[in-house]
Amino acid sequence: MNYRKPLTLFQELVKSRGRLLGLDVGDKYVGLAVSDLDNTLASPLSVLVRKKSNIDLMATDFQSLISKLSLEGFIFGYPFDHQKNNRDAVQVKLLIDDLSETGKLDGVKYTFWDESFTSKSVEMLLKPLNMHPVQSKTILDKFAAVEILQGYLDFVNRGDRLKLERGDANAKIWSDDSRGE
């Protein structure tokens, strides 16, 4: 797996017309969200069970999703705070290392996006629904991944629009022809 800076990943993605996968990594589950074909909207996808014993199966699942959905990159939710040994940050890095060790995701590009308060905000939305805890957890993980991916998409698309409005030709990522409009 190959790390890219957030804007670099998006610029590479635009050239290939691929989609992105958002990931909310937890101790036991990984929530997944996928972007639309225009990379403007994130939608919930699924939740994978995360165990050290099933990492090879997870990598195979990711390979399948890459092929089926024309994925070009992963956006990992990451807790950007000032604690060096943040438990959640360690979980994200461990998953990336474990997936990389399988060799099944060589060449997959990824970046990190701030996941601050994503789970908490989704949790607050779900609380009034009085769902069963297992169902609630599954929905929470998927929609936290949606918030991570949507935050990233909003940022890169907003930055692109601003550059276009300023007439910055060197920064132009989209053109009317490349978007198929």
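Annotation: amide H of F74 within the under-5 Å range of L21, K109, Y110, T111, sequence separation 5 or more or interchain, hydrogens built in the peptide plane.
Of the cross-linked pairs K15/K93; K68/K142; K5/K52; K15/K51; K15/K68, which ones have a Cα-Cα span greater than 24 Å in the structure shown? Checking Cα-Cα distances, K15/K93; K5/K52; K15/K51 exceed 24 Å. The length gained by stretching the chain between L41 and F80 to full extension, at 0.36 nm per residue less their Cα-Cα distance, is 11.7 nm.
Taking all protein chains together and rolling a 1.4 Å probe, D81 ends up with roughly 70 Å² accessible.
Accessible surface of Y29, taken over heavy atoms with a 1.4 Å probe and every protein chain present, rounds to 80 Å². Largest accessible area first, the listed residues S46, S67 line up as S67, S46 when surface is computed with a 1.4 Å probe on the assembled protein chains.
As a calculated quantity, the FRET efficiency between Q11 and K93 at R0 = 25 Å, using C-beta atoms, amounts to about 0.55. Measuring with a 1.4 angstrom probe and ignoring ligands and nucleic acids, L65 comes out at about 30 Å² accessible.
The values are calculated or read from the model by the stated rules, or taken from the named source; none is laboratory data. Please read all numbers here as calculations on a predicted model, not as lab measurements. Note that we place each Cβ from the backbone using ideal geometry, even for glycine, and neighbour counts take in every protein chain shown. What goes into the accessible areas is simple: the full protein's heavy atoms, side chains included, and nothing from ligands, DNA or RNA. Shrake-Rupley method; radii C 1.70, N 1.55, O 1.52, S 1.80 Å.
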